[in-house]
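One structure is given below, encoded as structure tokens.
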Amino acid sequence: MWSWLAIALSCLLFIFAVEKGDRNRSVLFSALTHVLLMAMLLSDGLGDSYQLWLLVGLSLFLLSDIANQFSHVLKLSFAGYLMAQFAYSWAMWGQVNSQFVLWLPALLLCIAIVTFFLLLPRLDSFLVPVTIMGISLVHLVCAAGEAWLVQEGLSAAQGFLGALCLALSAMLLALDKYRFHSRRARYAISGSYYLAHGLIVASALG
């Protein structure tokens, strides 16, 4: 319980730091939030490959978030996010040991989100990166959905909700950047982003 409260507090401090434009503190609390989540995984013993791949994904997200604060390494940060999402996806697919379930409604929802990204105005040179990111998120959500339908347990449901929250965070970021810019959007973007990680980590803790 106290661990989750510490993670929530660190997340709030990160949001406040970003809102004030304090890059040093935003890097600090972003790193702290990820480290606390990683510590929860490590404290559980890393008993299977699912937890191991989640730890790899969290580590990549940590490095990507830090790199994202510095404009001269944004391409490296983007590549890191893709690799982190792939690590999460690999962890989810590892939970699917039987025949795949045709989960059409969720797949259509994911495709609709990607299409929405593509139709956003003023993308210009960002069209290709947004498309690649959208495909990566579709892959993650589909993997988490398959795992949930196969296992039908609370842990799998948490992983699926976490993947959805990660896709939601990306959608809100795109809306804020290209369409409806708002200073308060950071709360929803960062809140859904760290909620996603929290749910996915919780799915590994049982």
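Annotations for the structure displayed:
- Counted residue by residue at 0.36 nm each, then reduced by the alpha carbon distance between them, the extension gain from Lys75 to Val35 reaches 12.1 nm.
- Rounded to whole Hz, the Karplus (6.51, -1.76, 1.60) HN-Hα couplings of the stretch 88-94, x for glycine and proline: 4, 4, 4, 4, 5, 4, x
- The stretch 161-167 - phi-based ³J(HN,Hα) in whole Hz, Karplus 6.51/-1.76/1.60, Gly and Pro as x: 4, x, 5, 5, 5, 5, 5
- Couplings 3J(HN,Hα) of the stretch 32-48, computed from phi: 4, 4, 5, 5, 5, 5, 5, 5, 5, 5, 5, 5, 7, x, 6, x, 8 Hz, in residue order, whole Hz [Karplus 6.51 cos²θ - 1.76 cosθ + 1.60, θ = phi - 60°; x for Gly and Pro].
- Peptides 159-169, 77-87, 195-205, ordered by how many other C-beta atoms sit within 10 Å of their residues on average, highest first, read 159-169, 195-205, 77-87.
Readers should treat all values here as calculations from the given coordinates under stated rules, not as data from a laboratory. Since we're looking at a predicted model, the values are computed, not measured. With ideal geometry, Cβ positions are generated from the backbone for all residues, glycine too; neighbour counts draw on all protein chains shown.
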